[in-house]
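Have a look at the structure below before the remarks.
The values are calculated or read from the model by the stated rules, or taken from the named source; none is laboratory data. Model, not experiment: these values are computed from the prediction. In this analysis, Cβ positions are derived from the backbone assuming ideal geometry, glycine residues included, and neighbour counts consider all displayed protein chains. Heavy atoms of the whole protein, side chains included, go into the accessibility calculation; ligands, DNA and RNA do not. Shrake-Rupley method; radii C 1.70, N 1.55, O 1.52, S 1.80 Å.
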Amino acid sequence: MNKYLKYGIMGAIAVALSAILFKSSPQESVQKLPRSYEEIIRSGILRAVTEYNSISFHVQEDTINGLHYELLQAFAKEKGLKAEITPEMSIQKRTEGLQDGTYDILANNVLISSDRKDSLLFTHPILLSRQVLVQRKPQDENDSTYIKSLLGLANQTVHIVKGSPSVFRIRNLSNEIGDTIYIKEIERYGQEQLLAMVASKDIDYAICDESIALAAVHNLPELDIETAISFSQFYSWGVHKENSVLLDSLNVWLENYKKTPAFEQLIKKYTLN
């Protein structure tokens, strides 16, 4: 089996198994309104949704790892809660689950952007990252598929996870260079699957968070992720716009936890910074 196809299949299987492992029990009725912080405390369960990737949440052998997974566990332990964490690849489903009360926290790399402030409250920043172009390293100096500057994206097609804020950046970039950049939004896969698809030559170009690309590229050495398409930006967690008490609790905890050696070790462990 092609190693990149295997990479994608293993990720899909792990997501399915993890979703089964962490889904709510049949006895629990999921609210269709966001739970208040008081209701979360009374229930003893904190429900969070994240993305399955090397940064947020992943299964390695029989162990669950991930920066956001470990942060959620630390917060829940501090508050005397059980963290119930669901990996979900679809940005739309993660957002809808937060809005309808299925989840209390959107706990992956959520870009702090003005267009999202109408529907989300953002915690204090957790990571600083940027969006990068993912392509294959040139085979030789005449490799026509290799893009040396952003101007080379003119009339090319880039693949982006559906619902990603990168779509807006590419549209703006298209205006900046004065030419068309075609966008294909991918619904079934996450960013790491797009990385594998570029490596296996199924697609030529993708856009990905640099933190995720850096975590995966050591297994995919044929990839080039040196071309940034955005400035460095802050990423945080999100909660429902009506859940300001939960937001305050998270922010107070983050403010203190980010000063600890434990947080510094987590950042070094998962982001290679």
Q) How much FRET efficiency would the formula 1/(1 + (r/R0)^6) give for Lys79 and Phe234, where r is the Cβ-Cβ distance and R0 is 30 Å, rounded to 0.05? A) 0.80
**Q.** Long-range tail of P(r) for segment 123-219 (Cα pairs > 24 Å, %)
**A.** 21
**Q.** Surface accessible to a 1.4 Å probe, Arg116 within the full protein complex, Å²
**A.** 40
Q | GNM result for the chain, Cα springs below 10 Å: residue of Asp204, Asp248, Asp62 fluctuating most strongly | A | Asp62
Q. Using a 1.4 Å probe, what is the accessible area per residue for segment 84-129, in Å²?
A. 37
Q. By the scheme Lys and Arg +1, Asp and Glu -1, what is the net charge of all other residues having a beta-carbon under 11 Å from that of Glu70?
A. +2
Q | Translational D in µm²/s for segment 63-150 (Stokes-Einstein at 37 °C, 0.692 mPa s, Kirkwood Rh from C-alpha pairs) | A | 200
Q: Net charge near Tyr257: determine it from the other residues with C-beta under 13 Å of the C-beta of Tyr257, scoring Lys and Arg +1 and Asp and Glu -1.
A: 0
Q: Specify the angular offset, from 0 to 90 degrees and rounded to the nearest 10, of the alpha carbon long axis of helix 67-79 from the longest principal axis of the alpha carbons in the chain.
A: 10
Q: Mind ranking 50-56, 138-144 by how tightly packed they are, going by the mean number of other C-beta atoms within 10 angstrom, highest first?
A: 50-56, 138-144
Q | Cut-off under 5 Å, modelled amide H: who pairs with Lys241 long-range | A | Leu121
Q) For the chain, what % of the accessible area comes from carbon and sulfur atoms, probe 1.4 Å? A) 52
Q) Assigning unit charges at the beta carbon (Lys, Arg +1; Asp, Glu -1) and nothing else, what dipole magnitude in debye, to the nearest 20, does the chain show about its Cα centre? A) 380
Q) How much length is gained on full extension from Glu242 to His124, taking 0.36 nm per residue of separation minus their Cα-Cα distance? A) 40.8 nm
Q. If you roll a 1.4 Å probe over the heavy atoms of the protein chains, what accessible area per residue do you get for segment 130-273, in Å²?
A. 51
(Q) Report the gain in length on full extension from Asn219 to Glu96: 0.36 nm times residue separation, minus Cα-Cα distance, nm rounded to one decimal. (A) 41.0 nm
Q.
Net charge within 9 Å of Ile40 by Cβ-Cβ distance, Lys/Arg positive one each and Asp/Glu negative one each, not counting Ile40 itself?
A. +1
Q. Rounded to the nearest 5, what is the percent of antiparallel bridges among the DSSP beta bridges in the chain?
A. 60
Q) Say each of Ile177 and Lys259 gets a label point 7 Å from the Cα, pointing the same way as Cα to Cβ; how far apart are those two points in nm? A) 4.5
